[in-house]
Amino acid sequence: MQAVAIVTILALAQFILFSIQVGSMRGKHGVKAPAVTGHPEFERMFRVQQNTMEQLVAFVPALWIFAYLVNPFWGAAMGLVFIVGRFLYRASYVKDPDSRGIGFTLTFLPTAVMLVWALVDALLSFV
Amino acid sequence: MQAVAIVTILALAQFILFSIQVGSMRGKHGVKAPAVTGHPEFERMFRVQQNTMEQLVAFVPALWIFAYLVNPFWGAAMGLVFIVGRFLYRASYVKDPDSRGIGFTLTFLPTAVMLVWALVDALLSFV
Amino acid sequence: MQAVAIVTILALAQFILFSIQVGSMRGKHGVKAPAVTGHPEFERMFRVQQNTMEQLVAFVPALWIFAYLVNPFWGAAMGLVFIVGRFLYRASYVKDPDSRGIGFTLTFLPTAVMLVWALVDALLSFV
């Protein structure tokens, strides 16, 4: 489970990094709290961070349930895909929101695969 | 704990479904990222998804703490109430945001009951 | 782990309290759902609740990973700092968003310390 813990910590650290970048965009473009609109570059970074939070809400429980029921090694591996996918998502979204597809898919897919796989595993345990 | 895992997976799958529906409302009404306003139907579905995320942030830890400290079976049962309540919440919110009360209560109550019950149980363990 | 469970429950209860206060600000200032802007006092309370959710998404997994890998007692203690910090954050943000620094730091620091400490601990276990 150590590998799963490390991957979780790295994914949370990435989210904290994105949050810090939202803060520095606030400073750069003079978007004062509580406003969350006002400059396109700020708004894009803010949406990247918000979408990353949405993904984490499903990803973290999915990863741990999968690690316990199925396999911690494959969980950690899919977690690494998630993290790489998020960096791609940020890079493409900030350049052009319409190009966010690949980065989004690379973070969505690991979560979806782990949820379905763990669900099948849990249901089979009742058979 | 298998039943608790299944209910958690179903609640996360419901959240992912709502997220996909936000995406299709973007397409339907031409609300281009990073905008999160622009058409009432999109805004309602977006708020349903955002509120579901807020609820999940408290519900998932509440469910697992309750399952460990008190009872996994009752945890899973309250999780099913949560999921049904969320579907009611979405249906009523999309029709008329002012009618969201019952669906909201059915998702809020299971979380509140599990938190209070688990807190009492944990505090009693120190007596 | 009972102390860690209690601190988690209190942090989630605090978040639920903030959510209820967002709801009462809706009523007070006539900000009807799905709108999330319209009155400064509502917008400040809404941002306090949203930022608390962002913090919880990292804090709760950080706390439990730290408690398992390092030490549940110190985890619970840092959790109490988090909760006190969040009340300071709310109090200062509602008065003047620019003064939110200290409250923010007191909630950010426990999470950061636990993540780094647990990461070092997990990495050392492979040596």
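The values are calculated or read from the model by the stated rules, or taken from the named source; none is laboratory data. Bear in mind the structure is a predicted one, so any value in this text is a computation, not a measurement. Backbone-built Cβ (ideal geometry, glycine too); neighbour counts: all protein chains shown. Surface accessibility is based on the protein's heavy atoms, side chains included, excluding ligands, DNA and RNA. Shrake-Rupley method; radii C 1.70, N 1.55, O 1.52, S 1.80 Å.
Quick one: would you say C:F82 is more than 9 Å from chain A (Cβ to nearest Cβ), open to solvent by less than 40 Å² (accessible area, probe 1.4 Å) and closer than 20 Å to A:A62 by Cα? Can you show your working first?
Working: more than 9 Å from chain A (Cβ to nearest Cβ): yes; open to solvent by less than 40 Å² (accessible area, probe 1.4 Å): yes; closer than 20 Å to A:A62 by Cα: no.
In short, no.
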Q.
Can you tell me which residue is nearest to B:V22 (Cα to Cα) among those in the stretch B:85-99 that are open to solvent by 60 Å² or more (accessible area, probe 1.4 Å) and without any contact (Cβ under 8 Å) to a residue 40 or more places away in the chain?
A. B:K95
(Q) Checking C:M45 against (1) within 13 Å of chain B (Cβ to nearest Cβ); (2) buried (at least 21 other Cβ atoms within 10 Å of the Cβ); (3) more than 25 Å from B:D121 (Cα to Cα): exactly one of these is not met. Which one? (A) (1)
(Q) Cβ-Cβ under 7 Å, sequence separation 6+ or interchain: first residue in the stretch B:1-27 and more than 27 Å from A:Y68 (Cβ to Cβ), partner surrounded by 20 or more Cβ atoms within 10 Å (Cβ to Cβ) and at pLDDT below 95. Which pairs? (A) none
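Checking the condition modelled with pLDDT of 95 or more and of a type in the set (G, A, S), which residue from A:A33, A:A13 passes?
Values: A:A33 fails: modelled with pLDDT of 95 or more.
The conditions single out A:A13.
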(Q) Just to be sure I understand the filter: pairs with C-beta atoms under 9 Å, separated by 6 or more residues or on different chains, first member in the stretch C:103-122 and more than 8 Å from chain A (Cβ to nearest Cβ), second member basic (K, R) and part of a helix (DSSP H, G or I). Which pairs pass? (A) C:G103/C:R86; C:G103/C:R90; C:L106/C:R86; C:T107/C:R86
Q.
Given the condition on the phi < 0 side of the Ramachandran plot, more than 14 Å from chain A (Cβ to nearest Cβ) and either touching a Phe, Trp or Tyr at 6+ places or on another chain (Cβ under 6 Å) or buried (at least 23 other Cβ atoms within 10 Å of the Cβ) (or both), answer yes or no: does some residue in the stretch B:49-56 qualify?
A. no
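Among the listed residues C:F108, C:F87, C:F104, identify the single one that is within 11 Å of the chain's Cα centre (by Cα) and within 19 Å of B:A58 (Cβ to Cβ).
Working: C:F108 fails: within 19 Å of B:A58 (Cβ to Cβ); C:F104 fails: within 19 Å of B:A58 (Cβ to Cβ).
Checking each option against the conditions leaves just C:F87.
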Q | Flag if B:E43 is acidic (D, E), touching a Pro at 6+ places or on another chain (Cβ under 9 Å) and within 19 Å of C:V36 (Cβ to Cβ) | A | yes
**Q.** Residues (under 21 Å from B:F42 (Cα atoms) and not in a helix (DSSP H, G or I)) located in the stretch B:57-115
**A.** B:D96, B:R100
Q | Extreme residue, surrounded by the fewest Cβ atoms within 10 Å (Cβ to Cβ), among residues of the stretch A:17-26 that are within 12 Å of another protein chain (Cβ to nearest Cβ) and small (G, A, S) | A | A:G23
Q) Can you name every residue in the stretch C:57-72 that is open to solvent by 40 Å² or more (accessible area, probe 1.4 Å), farther than 14 Å from C:V116 by Cβ and touching a residue at least 24 places away in the same chain (Cβ under 8 Å)? A) C:W64, C:P72
Q.
out of contact with any strand residue (DSSP E or B) (no Cβ under 7 Å at 6 or more places or on another chain), surrounded by 20 or more Cβ atoms within 10 Å (Cβ to Cβ) and under 15 Å from B:I83 (Cβ atoms): is that true of B:A13 in this structure?
A. no
Q. Within the set of pairs 6+ apart or on separate chains, which have a first residue in the stretch A:39-56 that is within 25 Å of B:L56 (Cα to Cα), a second that is open to solvent by less than 40 Å² (accessible area, probe 1.4 Å) and assigned to a loop (DSSP other than H, G, I, E, B), and C-beta atoms under 7 Å apart?
A. A:E43/B:P34; A:R44/B:P34; A:R47/B:A33; A:R47/B:P34
**Q.** Where C:P40 falls short, out of the listed (1) more than 9 Å from every other protein chain (Cβ to nearest Cβ); (2) open to solvent by 60 Å² or more (accessible area, probe 1.4 Å)
**A.** (1)
